[in-house]
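Written below as structure tokens is the structure these notes are about.
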Amino acid sequence: MTTETTPIRGMGHSVKRKEDPRFLRGKGRYVDDIKLPGMLYMDIVRSPYAHANITRIDASKALALPGVLAVITGKDLDEAGLAWMPTLMGDKQMVLPVDRVVYQAQEVAAVIATERYIAADAITLIEVEYEPLPPVMDPFKALEADSPLVRPDREQKTNHIWHWEAGDAAQTDAIFQQAEVVVKQDLYIPRIHVSSIETCGCVASFDSVEGKLTVYMTTQAPHAIRTVFSLVTGIAEHKIRIVSPDIGGGFGGKVPVYPGYVIASVASLKTGHPVKWIEDRSENLQADSFARDYHISAELAATKDGAMQALRVKTLADHGAFDAAANPSKFPAGLFSVITGSYTLKAAHVEVDGVYTNKPSGGVAYRCSFRVTEAVHTIERMVDTLAQQLGLDPADVRMKNFIQPEAFPYTSPTGWEYDSGNYPAALRKAMEKIDYAGLRQEQAEKRARGELMGIGISTFTEIVGAGPSHTFDILGIKMFDSCEIRVHPTGSVIARIGVQSQGQGHETTFAQIVAEELGLPVENITVEHGDTDTAPYGLGTYASRSTPTAGAATAVAARKIREKARKIAAHLLEANVDDLEWQDYKFQVKGSPGRSVGMKEIAFAAYTNFPSDVEAGLEAVDYYDPPNLTFPFGAYICVVDIDRGTGQVKIRRFVAVDDCGNIINPMIVDGQIHGGLTMGMAPALMEAITYDENGNMQQGTFMEYLLPTAMETPVWETDKTITPSPHHPFGAKGVGESATVGAPPAIANAVVDALSHLGVTHIDIPITPWKVYAILEAHGVAEL
Amino acid sequence: MHFSGSQQIKAPAAKVWQFVLDPNKVAECAPGFKTMDILGPDRFKPTLAVGIGAVKATFTLDVHLEDVHEPDHAAMRARGSAAGSAVDMKAAMDLKALSESETQMDWTADVNVSGTLASVGARLMEGTAQRLTARFFDCFRQKLEAPEPSAAPATPVAPEASEAS
């Protein structure tokens, strides 16, 4: 027996990522690496117009090109009842248009050819005649009575999609009427793009003998996709297999079903060959679902000494031409109502209205736990706005208004029950680490010399781990998640999980959970995910839900195995089951540490020497329905210097203190936070999608759509506090999105702070050099 | 995008009028001109290769002459498409005889480019469109002022065609 000599390395160990050897050696298997015998290639004709009638499609020249086997149009799909498909938000979406297009770069027709390059040539030979219609680009104008309709297919003849609200309007209004101080601010959180390194694509392969459709797909939610595919196509669900292999970044952009997946599947059915479709970078940027695009109007009521009392928020959400985000059914605006943040308020009322425009589908949750980024940006900017108006220090205002550690579980004015938190401790830690008092002194000295330096704070509360089945579902499917564990006779393990990894390191962290619970070395545990033929059903990885849901299922399944193992241990130790205790990863007879047996021996006995009243084998499955969400939080402090000659904002220091409860793998958590901070800096300073008045998206390449590289990324200083979740089986909370959510307001607050003495009270993100320089110029402090 | 311009051409108004109503002559001035189908006296389809930045596209334009008032006003509208891109254009010009041998041409053009060309070349779009439009009209002047035998070298056209295609 070698178990004793091989370390377990369960919870809290920085185990090197099991997936990295294959990635670092170029041996990952992404969708575009998949090549099947006889495979054909698909390319897509896209609309140049944002809004137009299609009067004619002539594919004859494309079909005459040698190597072209088929052209698929909306009319072809319409005959099969597949021209439209349901979205995950209960709307419907065109797969291919029959007679009109509703956004620029929308799919219009597809070519299937023997080679990728022939397909690309052939799409230029398809003649499409359009009759341009006026595009609806501004969500405010979209709601005016004389606006053209984006979606005349709907019964409701309006561009308004839905209205959603939370909190108590009457109580909130009453507080505002009596309030000593009211601060008001409009904010625009611009449209941004997920821009994962791997674009979207699939290989669809229909086996006409078996009657089975296999689709290798860049998806974050393979099981839900299988169910939707079955419902839409009528193919029996056991005859559909969705495989999500290695995925090069998801961030929410790979949750929706894109038309390309469906068209490629139809093409495989039609041709009898496997069909590959992979987007190029510009297609990905122009046509895939987008995030954010919230026009927010916020008001905060407070007392003269800075005690926050009530929050009132109205929001217009630009959802593009199809409501194709993947928010839970009851939450069309996601978890935006967590907007009261880390602060005690007597009341709050928040309203969101979804609007159609001639843009690709918006509202996708980009590393933001369902709209929490927008919520956190709003409340964190409002706290600073209040502090500025009252002449108070923003750290003091936060300390004064924090929900106190003893107040948990805390019910927010919009109805969320925060499970746990210690906000003052996190902020104090961040302030000490960065020397907040020293920075304020430095700032005063620099200001006297005319130098522009700012300090920004964000003390955010996240809400992740959707979610409890009584509240959360997508298209009716409850948002539980699952794990199935099998222990082999020699003590190695396979764990299959319902969630799926796009780079989060599940093959490592979930193995650590099993290692911790079963006392078996992490090396001997394989984690599988992403194949619907083998993995248990689950809702997928997004919104920082994997550890809170499937992570919990993994621990619970392992504990079920441990309970069975206890009976086998009792048999092996010739002791009573009740006399055994689990100590140091072993079962031992209470009071007799010498009489013990480890999981490796128990596993062997489970197949070779089990008691007569116990079934052979050692396996378990758990479908975990979380009792509540988890509420990670953090305190971020950012120091910026502004170049008066260029308007460039330079992040000099950034301290991030995060609390995600108990940590499985500190190295992976640190990696998540570093990546998240960088992805939070980008929309704060660089990224935005804009459209011209004709509906052309103006950032069609990475030349125009600025993503941060190592050159723009500052040194992140990370630290942590640990406040375990009281209801999660091992006290974890989820961390993937904390930094993306928390970072932008810290940066925006720092820039406004640097310019506050000039009278600047707000700047919308992205805070580009051009925007800052214009402000400097307007206030006469720009250097020429 | 709205552009306008004015130029003085050292040629009689009647000669200028004749030139601008001859689709073959006008098309040769179009950026990246390749081929031409003449469908009627007021309808023709030139093929143009245009590039903005690194993106190149071959457009087939459907041009309608309209609102033709001899001897001093003509307008046209055109719509064309290329892979993933489209262009919609309206242009008008007015002639005024300054003397027997000199004519003033005032022109306006509204150009809308859609699709990939507009998305990928957004930063360069306005500048490129303005330059190509201005050169289109300037080319009229160059051709009209060129020495009578049409052995005139194609140089006035060539540089912009290569830059644009």
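Since every read-out is calculated from the coordinates, none of them should be taken as a lab result. Values in this document were obtained by computation on a predicted structure and should not be read as measured data. When we count neighbours, we look across all protein chains shown, and the Cβ atoms used for this are built from the backbone with ideal geometry, even at glycine.
Numbers for the structure displayed
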{"quantity": "Listing of helices (runs of 4 or more DSSP H) fully contained in the stretch A:665-784 that carry 1 or more residues being out of contact with any Pro (no Cβ under 8 Å at 6 or more places or on another chain), more than 14 Å from chain B (Cβ to nearest Cβ) and among the hydroxyl-bearing types (Ser, Thr, Tyr)", "calculated": "A:738-755, A:769-778"}
{"quantity": "Condition broken by A:Ala426, with the remaining ones in (1) within 25 Å of the chain's Cα centre (by Cα); (2) within 29 Å of A:Leu316 (Cα to Cα) satisfied", "calculated": "(2)"}
{"quantity": "Single condition B:Gly5 does not satisfy, out of (1) in contact with an Asp or Glu (Cβ under 9 Å, 6 or more places away or on another chain); (2) of a type outside the set (S, T, N, Q); (3) in contact (Cβ under 8 Å) with a residue 24 or more places away in the chain; (4) surrounded by 17 or more Cβ atoms within 10 Å (Cβ to Cβ)", "calculated": "(4)"}
{"quantity": "Qualifying position, being crowded, with 21+ Cβ neighbours inside 10 Å and not hydrophobic (A, V, I, L, M, F, W, C), among A:Gly476, A:Gly421", "calculated": "A:Gly421"}
{"quantity": "Filter result for the condition that a residue is more than 14 Å from chain B (Cβ to nearest Cβ) and either in contact with a Phe, Trp or Tyr (Cβ under 7 Å, 6 or more places away or on another chain) or surrounded by 19 or more Cβ atoms within 10 Å (Cβ to Cβ) (or both), over A:Val45, A:Val68", "calculated": "A:Val68"}
{"quantity": "Total residues in the stretch B:1-24, condition among the basic types (Lys, Arg) and closer than 17 Å to B:Pro71 by Cβ", "calculated": "1"}
{"quantity": "Residue that is farthest from the other protein chains (Cβ to nearest Cβ), among those in the stretch B:112-138 that are surrounded by 22 or more Cβ atoms within 10 Å (Cβ to Cβ) and in a strand (DSSP E or B)", "calculated": "B:Val113"}
{"quantity": "Extreme residue, farthest from the other protein chains (Cβ to nearest Cβ), among residues of the stretch B:73-111 that are exposed (fewer than 15 other Cβ atoms within 10 Å of the Cβ) and free of Cβ contacts under 8 Å to residues at least 60 places away in the same chain", "calculated": "B:Ser99"}
{"quantity": "Restricting the stretch B:55-72 to residues that are within 11 Å of chain A (Cβ to nearest Cβ) and free of Cβ contacts under 8 Å to residues at least 24 places away in the same chain, the residue that is nearest to B:Ala122 (Cα to Cα)", "calculated": "B:Thr60"}
{"quantity": "Any hit, the stretch A:623-631, residues being among the aromatic types (Phe, Trp, Tyr), more than 25 Å from A:Pro394 (Cα to Cα) and crowded, with 22+ Cβ neighbours inside 10 Å", "calculated": "yes"}
{"quantity": "The listed residue being touching a His at 6+ places or on another chain (Cβ under 9 Å) and crowded, with 24+ Cβ neighbours inside 10 Å, out of A:Val527, A:Val514", "calculated": "A:Val527"}
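So that you can scan it fast, the table gives a plain yes or no per residue for (1) surrounded by fewer than 17 Cβ atoms within 10 Å (Cβ to Cβ); (2) in contact with a strand residue (DSSP E or B) (Cβ under 6 Å, 6 or more places away or on another chain); (3) among the basic types (Lys, Arg):
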position	(1), (2), (3)
A:Phe206	no, yes, no
A:Glu210	yes, no, no
A:Thr218	no, yes, no
A:Ala221	no, no, no
A:Thr227	no, no, no
A:Val243	no, yes, no
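Residues are listed down the side, and each one gets a yes or a no for (1) surrounded by fewer than 16 Cβ atoms within 10 Å (Cβ to Cβ); (2) in a loop (DSSP other than H, G, I, E, B):
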site	(1), (2)
A:Leu439	no, no
A:Glu442	yes, no
A:His470	yes, yes
A:Arg496	no, no
